[in-house]
Amino acid sequence: MSENKKFQRFGKYLILDHLVDGGMAKICRARYLGEQANKVVAIKMVQPQFSKDAAFVRMFQDELNITFGMLHPNIMQVYDYGETNGQLYTAMEYIHGANLKQYLDRLKEKKVVFPVEISCYIISQVCLGLHYAHTFTDKLTGKPFKIVHRDISPHNIMLTYDGAVKVIDFGIAKANTNSEATQAGTIKGKLSYLAPEYLDGLELDARYDEFAVGITLWELLCSRKLFQANNDLAVLKQIQACKIIPPSEINPSVPKELDAIVMKALSKDRSHRYEDCDKLNRALVRFLYSNYPDFNASDLTTFADDLFKKEIESDREKFVDYGKIDTQAYIEEMKKDESRKGAKKEPGEKILEGRTKIRELELTVEASSIGIEIDQLGTRKVNRQSIAQGKIIPKSASASPISNKKMDKTASRVTTRKSIEAEKNSSGSPLIIIIIAASLAGFAYIQSDLVESLTGFNLRKIIDGEDVDRSISSLPVQNKSTSPVKNEAHVQSNSGQVVLSGVDFEMEVFLDGTKVEYVGSPLKVSMGKEVTLVVKKVGYLPFIKKLTLSKEEDSKVVTVPELERARMGLLSTSQNYAAGSKIVYEEAGQTVERDLPLNDIQVAEGTYQAKIVNPILGTEKKVEFNIEENKKFFLE
């Protein structure tokens, strides 16, 4: 029995049992040792070696600055923090329940999916907690914290067995209170829950969390991950492409109205998402009670009882047993220790003393074909030398303690390398030179075909060990005798080459209306014939250029300028079209053909003359529709 067992005392807390043991910290259940208190808490106890690490202390303090003042029913509360016996600790609200990932796993074992109404309710509660965090303001200064959680996933959403929903773990959250602004330039969070704007190097805001919330809701409705692949590189490509399948196509029980909510939250262009999590919450609540008017929040309690009956019964017995502990002897021992040490230190006294400056230099994502580095300025770079492993690994063999923590906390294999320097020894000049040199080398490697066409020098072939022939180029170059040299095979053929500059992998390239796969190699174009080159990107106006090659000018370099954002609207149609029906119209000089029916398809602003055809029935009908920015047009 517990009353006869000797328990470990940790400062003013009595450790009951371990919940999680990690390499950097462990989380335990504990009782607060107070004369008139009987509270069970969760304590995160940092291992002593990391409690003395200046970088970790700074990160620990950042998390406290964000979470200590927040008080919301949908956010786990922090009660206390400090240092005991050389260990940093945080005492938090004990959440008697399971995280959403555990719910998903349990349902998969039973081969069932989350009920639609319960999924919507859970996510609506998450939205309430996040909107509170996003708009949280320091009451003593009146300054907004502008918190972005950055790690929303099923792992960090807890459901109590009593039916409450809690957002946990603001350990990598971004806020105005962060001590190091450079932390915003490193990869944070689980790979499968990143938003496209993260990979684009944009400043993150509340809509970043909204995207992760949308992913989580999609996962609840479909009972599988949205972005999943055999390797991390493939996951990154899926996120960048952001081609989302409506949940109803996987789970037929999902209504179309909910499809629309999920797809809006998962818009690739964040300006097309809900304005904030409050708006998303309102949409979910409106859908929930219009489609499930009898739903009650207590249904979540019943749901938890059914899934975790054994765990609930086991914990009930444990808590009764823990309640029998005679805490008086531990309280007396605590008082004696305090009297020996003299005056009691203020909580967190030592934590606030960190003086070491932490500079986050880079993160390297090493995969089967690219590496992504985000430097301290938030600039995205690509490093093709890291191509062998097919996984994300640190550039240095010695990872910092914080890197290890991030690997423990996330499903992806992402490692941050840190350089810890004293402030007086830090200097930006060498770092800037290194960044510029690395960027030029990375560009020369990635765009090796373009560089070779201009200079005859192919960095990729040199690094990868391929044979290099520098005497022949797809563009005119000068040999030692200053005479122009042309590719003989090129001269003899009836086609020339077009090299594109400024094309990223989100763009689509068309030649005379035919899509071509552009991977950096020159495009073959017939000489003596005018061709139309079109470069398109979702949400932007296309770049259109007409050009003609000749024997005198059989190669051209076309620079694609920064595309102008298009004014977009939505097109939906009736659901009553016969199988095989299609709508055909011209957009930006290209023929667009889509299967009917349509549901909130993005179309550039303008008036369109279209036709609806059905090859199976042999029918054709002319229609007209007008798209206005941020408005929906419904076509009968």
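Rule-based calculations on the coordinates, nothing more; no lab input. Small disclaimer: the values here were computed from a predicted structure and weren't measured. Cβ placement follows ideal geometry from the backbone for every residue including glycine, while neighbour counts extend to all protein chains displayed.
Evaluated at q = 0.17, 0.22 Å⁻¹, a Debye calculation over the C-alpha positions of region 79-146 (equal weights, vacuum) places log10 I(q)/I(0) at -0.91, -1.04. Taking amide H as placed 1.01 Å from N in the peptide plane, residue 526 has its amide H under 5 Å from the amide H of 496, each at least 5 places away in sequence or on another chain. Under 5 Å from the amide H of residue 592 lie the amide H atoms of 585, 586, 587, each residue being 5 or more positions distant or on a separate chain, with H modelled from the backbone and absent for Pro and chain starts. Sorted ascending by nearby beta carbons within 10 Å, beginning with the fewest, 514, 84 become 514, 84.
Neighbour counts of other Cβ atoms within 10 Å put 211, 50 in the fewest-to-most order 50, 211.
May I ask you to sort 29, 150, 224 by Cβ crowding, counting other Cβ atoms within 10 Å and putting the fewest first? Write out the running numbers ahead of the final one.
Values: 29 21, 150 24, 224 13.
So the residues, fewest neighbours to most, are 224, 29, 150.
Give the Kirkwood hydrodynamic radius (Å, one decimal) of region 568-635, defined as one over the mean of 1/r across all pairs of different Cα atoms. That comes to 12.1 Å for region 568-635. A full extension of the chain between residue 302 and residue 21 corresponds to an added length of 98.1 nm, given 0.36 nm per residue minus the alpha carbon distance. Between the amide H of residue 138 and those of 143, 145, distances stay under 5 Å, these residues lying 5 or more places away or on another chain, with hydrogens modeled in the peptide plane.
May I ask you to give the average projected area over all directions of the convex hull of the Cα atoms of region 98-309, in nm² rounded to one decimal?
Values: hull surface 49.8 nm².
With every direction weighted equally, the projected area is 12.5 nm².
What the phi angles of region 95-105 give under the Karplus curve with 6.51, -1.76 and 1.60, with θ = phi - 60°, is a coupling list of 9, 7, x, 9, 7, 5, 5, 5, 4, 4, 5 Hz, glycine and proline written as x.
Normalised by residue count, region 11-121 yields a Cα convex hull volume of 149 Å³ per residue.
Here region 556-595 and region 536-554 have alpha carbon centers that stand 19 Å from each other. When the pairs 536/556; 101/324; 268/621 are compared against a 24 Å limit on Cα-Cα distance, 101/324; 268/621 fall above it.
Suppose every Lys and Arg Cβ carries +1 and every Asp and Glu Cβ carries -1, with no other charges. What dipole size does region 568-635 come out with about its Cα centre, to the nearest 20 debye? The calculated dipole for region 568-635 is roughly 260 debye.
Over 15 Å apart: what share of the alpha carbon pairs of region 596-636 falls there, rounded to a whole percent?
Details: 382 of 820 pairs.
Tail of the P(r) past 15 Å holds 47 percent of the pairs.
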